Amino acid sequence: MSDTMRVAGCAVIAALLGQIATGIANAAANHRLRWTNEQMERALDDMPQGLSMFDANERLLVCNKKYHTMYNLEAGEVKVGSTLAEVLARRVAKGSFNADTQSYRKQFIEARDEGRTTVAEVDAGKGRLYLITNHPIKGGGWITTHEDITERRKTEQDRIAAQQHEARRAATEEAISDFRIGAEKLLETVIGSAEEMRVTASGLLTVSSHTTQQAENALRTSHEAVGNVDMVAAATEELSTSASEVNERLTRAAGLVRITLDEAKMTNDDINHLARTADKIGDVVKLIRNITGQTNLLALNATIEAARSGAAGRGFAVVASEVKALAVQTASATEDIAAQIQEIQRSTQASVEAISRIANRIEEIHSHTSSVSSSVQQQTSATSSIAQNVTNTAQGSKIIDKALGEVVNAANDAQRSAQTVLTASESVEHASALLRGEVERFLTKVAM
């Protein structure tokens, strides 16, 4: 029943009650009117709603049995002539009215005076819900209907609850369907991703294993290279030291050659001086030879002259003979000296030529020694540069060796990570399959 129909019904009731009121006022009119009122009272008592009617002085004019029953009131507790305040007080005592009576009365009278019909749902206690409708009537009174709408509200609530339950069920089924579809898509995505991750992890594991093997081979090669570079560095250092020593010895040898060359030149000068002296001695020998010849000639002349002189010249002849013999000896000695001088000159000339050749050889040796010394210096400088480069190479090789060690460690870590990812992807695939089964069982149970 809608509120409009209830209001219309209350209006009809109000009209009837108006007639009843008129009949009561004219109760003494006649017996027929009295009978009519009795019939009207029985009709009111048979109403399914509680009914009360008050006059302008707030006194009760009509109150049917349903009203007493609804508020658990005895017939003598609320009766015709009771005021609104008394009725409210009795209801408070019975526990069917829990609002402030003064405020309620004030609001009620204001609505009556304004001619407004008021409708309110009131909690009557003990789980009962009443619909109270107040209708102002002419003359300042009003009629109030009290309808127990507990069952109707419960029915409406049950209907609403059923509708809500059906809506929730439909929403749940839709949500389950959407969830099943979404979960299936997600599971397919997860399984696909896990499969891709497994394939990627497997490939990564293979690559990382190969990388680890290559890195380990490179590390071993690097270790060997570092050892070889260290050996080369040591050999280069020794070569640099040897080159320095050779350069130093060549420098000393060049100095000695220079000194020897100077001494050879001095010796050559001395021998040249000796040759010149021998030449001068030859000249003296020639002079002595000439003098000896002349002496021999004079002795011969003296001998001839002594022979001419006879006995007087014998002594002179003896002297001349001695002088001649001496001249012969001198000539012989002079020839010997000349022969020795010639030998000295030949030896001196040979010595000069030999010393010149030695000096030339020494000069060549000095030139070659200087050239070799310069080459050795260049070699020493180059060897030092090589040694420095080899040292730098050794340091770089050690850095590379260290880096390769780190690469090997990183490759091992990558291999372990790839194995972990591979294991995790396989676990995800297995867990996804289990989750799919669990989700399907859960959705089946929820849908029941």
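Within the stretch 127-176, track down each residue that is in contact (Cβ under 8 Å) with a residue 12 or more places away in the chain and within 30 Å of residue 439 (Cβ to Cβ). Result: 172, 173, 176. With the structure loaded, tell me whether residue 162 is in a helix (DSSP H, G or I), of a type in the set (A, V, I, L, M) and surrounded by fewer than 16 Cβ atoms within 10 Å (Cβ to Cβ) or whether it fails that test. For residue 162, the condition - in a helix (DSSP H, G or I), of a type in the set (A, V, I, L, M) and surrounded by fewer than 16 Cβ atoms within 10 Å (Cβ to Cβ) - is met. Please indicate, with yes or no, whether at least one residue in the stretch 169-179 is of a type outside the set (Ser, Thr, Tyr), under 30 Å from residue 428 (Cα atoms) and surrounded by 15 or more Cβ atoms within 10 Å (Cβ to Cβ). Yes. Taking the criterion of being touching an Asp or Glu at 6+ places or on another chain (Cβ under 7 Å) and more than 18 Å from residue 107 (Cα to Cα), the only residue of the stretch 81-95 that qualifies is 90.
Only one entry in 85, 75, 120 is farther than 30 Å from residue 38 by Cα and hydrophobic (A, V, I, L, M, F, W, C), namely 120.
Considering each residue of the stretch 390-427, count those that are polar (S, T, N, Q) and surrounded by fewer than 14 Cβ atoms within 10 Å (Cβ to Cβ), and give that number. Show your work before the answer.
We begin by selecting, within the stretch 390-427, every residue polar (S, T, N, Q); these are 391-393, 395, 397, 409, 412, 415, 417, 419-420, 423, 425, 427.
Subsequent filtering for residues that are surrounded by fewer than 14 Cβ atoms within 10 Å (Cβ to Cβ) retains 392, 395, 409, 420, 423, 427.
Here the count works out to 6.
Restricting the stretch 68-91 to residues that are without any contact (Cβ under 8 Å) to a residue 12 or more places away in the chain and outside any helix (DSSP H, G or I), which is surrounded by the fewest Cβ atoms within 10 Å (Cβ to Cβ)? Only one residue tops the list, namely 76. Looking at 189, 211, 200, 206, which is the one that is over 30 Å from residue 108 (Cα atoms), at pLDDT below 80 and among the hydroxyl-bearing types (Ser, Thr, Tyr)? None of the other options fit; the residue is 211.
Scanning the stretch 222-257 for residues that are within 30 Å of residue 356 (Cβ to Cβ) and either at pLDDT below 75 or crowded, with 16+ Cβ neighbours inside 10 Å (or both) gives 250, 253, 254, 257. Restricting attention to the stretch 202-214, does a residue exist that is farther than 30 Å from residue 412 by Cα and surrounded by 14 or more Cβ atoms within 10 Å (Cβ to Cβ)? Looking for residues that are farther than 30 Å from residue 412 by Cα and surrounded by 14 or more Cβ atoms within 10 Å (Cβ to Cβ), one finds none in the stretch 202-214, hence no. Do we find a residue being more than 20 Å from residue 141 (Cβ to Cβ), crowded, with 19+ Cβ neighbours inside 10 Å and more than 60 Å from the chain's Cα centre (by Cα) anywhere in the stretch 92-108? The answer is yes; a qualifying residue exists.
When 415, 388, 419 are screened for being out of contact with any helix residue (DSSP H, G or I) (no Cβ under 8 Å at 6 or more places or on another chain) and part of a helix (DSSP H, G or I), only 388 passes. Whether a residue is charged (D, E, K, R), at negative phi and out of contact with any Pro (no Cβ under 9 Å at 6 or more places or on another chain) was assessed, and residue 147 does not pass this test.
Can you name the residue in the stretch 114-150 that is modelled with pLDDT of 90 or more and of a type in the set (Asp, Glu) and is also surrounded by the most Cβ atoms within 10 Å (Cβ to Cβ) among such residues? By that ranking, first place goes to 147.
Applying the condition of being among the β-branched types (Val, Ile, Thr) and surrounded by 18 or more Cβ atoms within 10 Å (Cβ to Cβ) to the stretch 289-322 and asking which residue is farthest from residue 348 (Cα to Cα) yields 303.
Evaluated against (1) surrounded by 12 or more Cβ atoms within 10 Å (Cβ to Cβ); (2) more than 30 Å from residue 261 (Cα to Cα), residue 365 falls short on exactly one condition, (2). Contact map, the stretch 30-51: residues that are farther than 9 Å from residue 64 by Cα and modelled with pLDDT under 75 paired with residues that are of a type in the set (Gly, Ala, Ser) and in a helix (DSSP H, G or I), Cβ distance under 7 Å, separation 6+ or inter-chain. Pairs shown: 33/23; 36/23; 37/23.
The values are calculated or read from the model by the stated rules, or taken from the named source; none is laboratory data. Model, not experiment: these values are computed from the prediction. Positions of Cβ are generated from backbone atoms using ideal geometry, with glycine treated the same way; all protein chains shown enter the neighbour counts.
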